[in-house]
1. Quick one: in the range 108-143, of everything that is farther than 22 Å from K42 by Cα and hydrophobic (A, V, I, L, M, F, W, C), which residue is modelled with the lowest pLDDT?
2. Report those helices (runs of 4 or more DSSP H) wholly inside the range 183-249 carrying at least 1 residues which are loosely packed, with under 13 Cβ neighbours inside 10 Å and modelled with pLDDT of 75 or more.
3. If we keep just the residues of the range 144-174 that are of a type in the set (A, V, I, L, M) and modelled with pLDDT of 70 or more, which is farthest from I27 (Cα to Cα)?
4. Enumerate the pairs (first residue in the range 30-56 and more than 12 Å from V123 (Cβ to Cβ); second residue anywhere and acidic (D, E) and part of a helix (DSSP H, G or I)) with beta-carbon separation below 8 Å, excluding pairs fewer than 6 apart on the same chain, so at least 6 apart or on different chains.
5. Consider the range 16-28. How many of its residues are surrounded by 12 or more Cβ atoms within 10 Å (Cβ to Cβ), at pLDDT below 80 and part of a helix (DSSP H, G or I)?
6. Does the range 35-51 contain at least one residue that is assigned to a helix (DSSP H, G or I), loosely packed, with under 12 Cβ neighbours inside 10 Å and among the small types (G, A, S)?
7. From the list A115, A74, A98, which one is under 27 Å from R57 (Cβ atoms), under 60 Å from the mean Cα position of the chain (by Cα) and of a type in the set (G, A, S)?
8. Just checking, does the range 1-11 include any residue being modelled with pLDDT under 60 and under 30 Å from R148 (Cβ atoms)?
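The values are calculated or read from the model by the stated rules, or taken from the named source; none is laboratory data. Small disclaimer: the values here were computed from a predicted structure and weren't measured. Every residue, glycine among them, receives a Cβ derived from its backbone with ideal geometry; neighbour counts consider all protein chains shown.
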Amino acid sequence: MFLGKIWNAFAAQMNKLANFFWTADPIAQLQYEYDKAVDQMKEGREGLEQYRALVERVTRQVEGDRQHVASLEARIKAYLKAGERDTAAKFALELQKAKKEFAENEAQLKLHETAYNNNVTKVKHATKKLGDLKNRIKKYDAELKLSRAEAELAKLAQSFNFDVTTDFGQIEDVIQDKIGLNRAKVRVAADLSGEGLEDIKREEAVEEALAVDALREFEIEMGMVTPETAGVKADDKELGTQRLEQTAG
């Protein structure tokens, strides 16, 4: 009783281990069963070939018996025609034995032929089943791989949730910050490249206006023109000076 319990516990553990391997890689298990069946089929075919050799041997034996019976019948007829009844009787007795042996061998041949044909039918059916199993293994393998890929894609799609609370969302924020910093550098560089242009333009305008006034004053002082001919009045000159000062400011 104690040994029985130990054996039952051992069998349960082995069954658990077998179930683990079955569920770990079912395609490999199917392939293993298929390969094992193919090996058995090869052995069965070899046995069938040997059995067919036996059938052929019995067939030759039956054919020999048929020829022997025919030969005895011909001899008996010949001896009867020759009037040698005693010799014909001896061959007649041998003919009875030959016919009995021929009938037994012929019946045995029929049994062998029937058994052989039945086995051929079974092997053909098993071969077709093996072909179907092979196709199913390929189909299951493809479907299993596809389902695994779909599961990984589904899990990946779920992971690709760009929420700020997820790792992807935080990484995206870092990337956006880097992009913003790079754009800021470009903007600062562009702004710095135009710094002081307006001041420079204003200074150039002031200098140009001062140069025009200085030239007019020089022409007036030299008597080359008069204030009236120059078209400059004192008030206009003061207003122009104020405008220049405002522009310079």
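1. A142
2. Numbers: elements: 197-221, 227-230, 234-248.
Here the list reads 197-221.
3. V174
4. From residues that are more than 12 Å from V123 (Cβ to Cβ), the pairs are V55/E113.
5. Adding up the residues that qualify gives 4.
6. No, that holds for no residue.
7. Working: A74 fails: under 60 Å from the mean Cα position of the chain (by Cα); A98 fails: under 60 Å from the mean Cα position of the chain (by Cα).
Matching residue, one of A115, A74, A98: A115.
8. First, the residues of the range 1-11 that are modelled with pLDDT under 60: 1-11.
Then keep just the ones that are under 30 Å from R148 (Cβ atoms); that gives none.
No, there is no match, as no residue in the range 1-11 is modelled with pLDDT under 60 and under 30 Å from R148 (Cβ atoms).
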